[in-house]
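Asks: Questions regarding the structure given below will be posed in turn.
The values are calculated or read from the model by the stated rules, or taken from the named source; none is laboratory data. All of these numbers come straight from a predicted model, not from anything done at the bench. In this analysis, Cβ positions are derived from the backbone assuming ideal geometry, glycine residues included, and neighbour counts consider all displayed protein chains.
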């Protein structure tokens, strides 16, 4: 039986073997929600990079620049880390270079995998169907917040695990914990996440609309994956 | 207000600042349960060491040797990692040198703290009272399993956090997650933990009695702490 594991923080990646497996990277607030929303809305491709300077170099080559650090839009970049701005019709057909506090780093550290796909509540069922249709084991890599475990990424991982119950087995307690959490919180994700550290952080920045949007389930049916040239495409 | 944090694996310790705080180390199956049971039953002091050879050197000085790796009693040591054997009246007044797969390593990596105390379900309320009576913030450090998050240590952390609700605040999502998990699983810890990876591992070793014992709540009222000479005492 295929095996499902959940790595609750990129810092825990050394304890997970990614070779031959599909990695689902998740950063609900907001990097992977942006990627799903953008590519589903016509963005041609998204290049995730770890450093601001790498993104700036790509902007010099004509990429749209998306830069975020600590929740803030970095000066000099076209957009920050709002999924709504990724959906701007002006960016249809464009290439975006993106760098964020947590999400792009999680992708960077998952390169050993057979395939890296991007998950969010926005494309939950599409990701589940993709994994169910493949013969490979899977690891959900939660981006967390600066290395710590966060609630929203854990809840997404639990939601995905529940959808895969029956087609995947597991020997990873993180799967049991995340599934149980999602089962108990799914009725009102927004209310539960109001207590979370990241909600408080984002609310201080005045971006509550983004939070609601990122918690919409199955708005899109795309499964972005990292192509050999380092771009996310659908 | 005092702050409570939960570090779900020793691998995540670089993201937690321990200086000036009280660390509660927990390894329910079974290191910290052994320490609590042994010290509450008359063992004079317990010296946790990371390496088998360190423990052997202390045995040469007259310590009782407790050695466990991967759930197994290491050959040449008096006892393994069963709380029941730590309670043997023969060891009253004795010094024990102990080394285990996860628990003793978690203590080793928490040395930056103001104080290290040992927590288990066996002394849950005593630990909560100790923390409530101190002016310091606290971090629960879960030993996990070889760096991965495990269910039983997370549940203990959640139980402790629930007891401290009101006297401690938090900005750590791990506290929210662990509290919620414990709230939902506390009615029958044993049944929930039967699905966990460590239960499966220990059951294969035929030590179900230990599991039941380690899930007894408040059997003892002691709070072992690490003294300056490197011994756990009460």
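Asks: Could you look through the stretch B:1-26, keep only residues that are modelled with pLDDT of 95 or more and assigned to a loop (DSSP other than H, G, I, E, B), and pick out the one that is surrounded by the fewest Cβ atoms within 10 Å (Cβ to Cβ)?
Replies: Checked the stretch B:1-26; the qualifying residue surrounded by the fewest Cβ atoms within 10 Å (Cβ to Cβ) is B:19.
Yes or no, residue by residue, for (1) over 24 Å from residue A:102 (Cβ atoms); (2) facing another protein chain (nearest Cβ under 9 Å); (3) at pLDDT below 95; (4) touching a strand residue (DSSP E or B) at 6+ places or on another chain (Cβ under 7 Å):
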position: A:156; (1), (2), (3), (4): no, no, no, yes
position: A:177; (1), (2), (3), (4): no, yes, no, no
position: A:191; (1), (2), (3), (4): no, no, yes, no
position: A:194; (1), (2), (3), (4): no, no, yes, no
position: A:200; (1), (2), (3), (4): no, yes, yes, no
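Asks: Which of the residues belonging to the stretch A:1-25 are within 24 Å of residue A:147 (Cβ to Cβ), away from chain B (no Cβ under 14 Å) and touching a helix residue (DSSP H, G or I) at 6+ places or on another chain (Cβ under 9 Å)?
Replies: A:22, A:23, A:24, A:25
Asks: Quick check on residue A:214: is it more than 14 Å from chain B (Cβ to nearest Cβ) and either touching a helix residue (DSSP H, G or I) at 6+ places or on another chain (Cβ under 8 Å) or buried (at least 21 other Cβ atoms within 10 Å of the Cβ) (or both)?
Replies: yes
Asks: Considering only the stretch A:159-175, how many residues are assigned to a loop (DSSP other than H, G, I, E, B) and over 17 Å from residue B:144 (Cα atoms)?
Replies: Final tally of qualifying residues: 2.
Asks: So is residue B:165 within 14 Å of another protein chain (Cβ to nearest Cβ), at pLDDT 95 or above and either surrounded by fewer than 17 Cβ atoms within 10 Å (Cβ to Cβ) or touching a strand residue (DSSP E or B) at 6+ places or on another chain (Cβ under 6 Å) (or both) or not?
Replies: no
Asks: With the requirement that a residue be buried (at least 24 other Cβ atoms within 10 Å of the Cβ), in contact with a strand residue (DSSP E or B) (Cβ under 7 Å, 6 or more places away or on another chain) and modelled with pLDDT under 95, what does the stretch B:56-79 give you?
Replies: none
Asks: Is it the case, given these coordinates, that residue B:132 is surrounded by fewer than 23 Cβ atoms within 10 Å (Cβ to Cβ), at negative phi and free of Cβ contacts under 8 Å to residues at least 40 places away in the same chain?
Replies: When the stated conditions are applied, residue B:132 passes them.
Asks: Give me a count of the residues in the stretch B:1-43 that are without any contact (Cβ under 8 Å) to a residue 40 or more places away in the chain and touching a strand residue (DSSP E or B) at 6+ places or on another chain (Cβ under 6 Å).
Replies: Number satisfying all stated conditions: 1.
Asks: Please determine whether any residue of the stretch A:61-75 is in a helix (DSSP H, G or I), closer than 15 Å to residue A:34 by Cβ, more than 14 Å from the chain's Cα centre (by Cα) and touching a residue at least 12 places away in the same chain (Cβ under 8 Å).
Replies: No, that holds for no residue.
Asks: Tell me, please, whether a residue that is touching a residue at least 60 places away in the same chain (Cβ under 8 Å), out of contact with any helix residue (DSSP H, G or I) (no Cβ under 9 Å at 6 or more places or on another chain) and assigned to a loop (DSSP other than H, G, I, E, B) can be found in the stretch A:91-106.
Replies: Taking every residue of the stretch A:91-106 in turn, none turns out to be touching a residue at least 60 places away in the same chain (Cβ under 8 Å), out of contact with any helix residue (DSSP H, G or I) (no Cβ under 9 Å at 6 or more places or on another chain) and assigned to a loop (DSSP other than H, G, I, E, B).
Asks: Within 14 Å of chain B (Cβ to nearest Cβ) and either in contact with a strand residue (DSSP E or B) (Cβ under 9 Å, 6 or more places away or on another chain) or in a loop (DSSP other than H, G, I, E, B) (or both): does that describe residue A:127?
Replies: Considered against the rule, which asks whether it is within 14 Å of chain B (Cβ to nearest Cβ) and either in contact with a strand residue (DSSP E or B) (Cβ under 9 Å, 6 or more places away or on another chain) or in a loop (DSSP other than H, G, I, E, B) (or both), residue A:127 comes out as no.
Asks: Of all residues being in contact (Cβ under 8 Å) with a residue 12 or more places away in the chain and farther than 19 Å from residue B:172 by Cβ in the stretch A:181-199, which is surrounded by the most Cβ atoms within 10 Å (Cβ to Cβ)? Just the residue, please.
Replies: Result: A:189.
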